[in-house]
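The values are calculated or read from the model by the stated rules, or taken from the named source; none is laboratory data. Here the structure is a predicted model, which means the values were calculated and not measured. Cβ sites come from the backbone with ideal geometry, for glycine too, and all protein chains shown count toward neighbours. Areas reflect the complete protein model, heavy atoms only, side chains present, ligands, DNA and RNA absent. Shrake-Rupley method; radii C 1.70, N 1.55, O 1.52, S 1.80 Å.
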Amino acid sequence: MDVVDQTTIATESTRASKSFDVVNPATQEVVGSYPVHTADDVARAVSQAREAQPWWDALGFDGRKPYLRRWLRWLALHCDEVYEIGHQETARPRADVQFELFAGLEDARWASAHAKRVLRSRRVAPGIAMPNFDARLSY
């Protein structure tokens, strides 16, 4: 059976069952089953995120840092679980999954430590074609 046939079968079974299976590509073993979310489910999640965003914004960079560090700590403490899930879902060697998690943890750690400086509003050069203009960058 080729990839197109497997995708078609997976799509048809997902529609019928309202869930989908994650299959290890090396063994074809089902390693997880997850619900298929409707447009209403997604809209509800987005609405909740929009409601929470003003609170998150009001924390500021320094207020968000402890939350990010707590999340990073949780991921580091549960890294063996993350490695196993990554290995089972992708059939990649655990060392590849481990490297990817380490890189991601370091990126997130760096971002939490430097966000205030990197994301601050600042004046930038508008470019050689517009020397008489003022340009500002903000996120």
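Across the stretch 72-83, which residue is nearest to Ala95 (Cα to Cα) among those that are surrounded by fewer than 13 Cβ atoms within 10 Å (Cβ to Cβ) and of a type in the set (A, V, I, L, M, F, W, C)? Steps first, answer last, please.
Pass one, the stretch 72-83, residues surrounded by fewer than 13 Cβ atoms within 10 Å (Cβ to Cβ): 73-74, 77-78, 80-81.
Imposing the further condition that a residue be of a type in the set (A, V, I, L, M, F, W, C) reduces the set to 74, 77.
Numbers: Trp74: 20, Leu77: 17 Å.
Result: Leu77.
Go over the candidates Glu89, Glu100 one by one and state the one that is open to solvent by 60 Å² or more (accessible area, probe 1.4 Å), in a helix (DSSP H, G or I), free of Cβ contacts under 8 Å to residues at least 24 places away in the same chain and not basic (Lys, Arg).
On the way: Glu89 fails: free of Cβ contacts under 8 Å to residues at least 24 places away in the same chain.
Result: Glu100 is the single residue among Glu89, Glu100 that is open to solvent by 60 Å² or more (accessible area, probe 1.4 Å), in a helix (DSSP H, G or I), free of Cβ contacts under 8 Å to residues at least 24 places away in the same chain and not basic (Lys, Arg).
Suppose the filter is under 19 Å from the mean Cα position of the chain (by Cα) and assigned to a helix (DSSP H, G or I); does Ala95 pass it? Give the steps one after another, and end with the answer.
Details: under 19 Å from the mean Cα position of the chain (by Cα): no; assigned to a helix (DSSP H, G or I): yes.
Judged against the criteria, Ala95 is not a match.
Scanning the stretch 15-63 for residues that are outside any helix (DSSP H, G or I) and either in contact with a Leu (Cβ under 6 Å, 6 or more places away or on another chain) or of a type in the set (S, T, N, Q) (or both) yields Ser19, Asn24, Thr27, Gln28, Ser33, Thr38.
Yes/no per residue for (1) at pLDDT below 90; (2) polar (S, T, N, Q); (3) under 18 Å from the mean Cα position of the chain (by Cα):
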position	(1), (2), (3)
Gln48	no, yes, yes
Trp55	no, no, no
Asp62	no, no, no
Leu72	no, no, yes
Leu105	no, no, yes
Val118	yes, no, no
Ala125	yes, no, no
Ala129	yes, no, no
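Kindly establish whether Ala39 is of a type outside the set (S, T, N, Q), farther than 30 Å from Lys18 by Cα and surrounded by fewer than 12 Cβ atoms within 10 Å (Cβ to Cβ). For Ala39, the condition - of a type outside the set (S, T, N, Q), farther than 30 Å from Lys18 by Cα and surrounded by fewer than 12 Cβ atoms within 10 Å (Cβ to Cβ) - is not met. Scanning the stretch 110-139 for residues that are touching a Leu at 6+ places or on another chain (Cβ under 8 Å), part of a loop (DSSP other than H, G, I, E, B) and open to solvent by less than 90 Å² (accessible area, probe 1.4 Å) turns up just one, Ser121.
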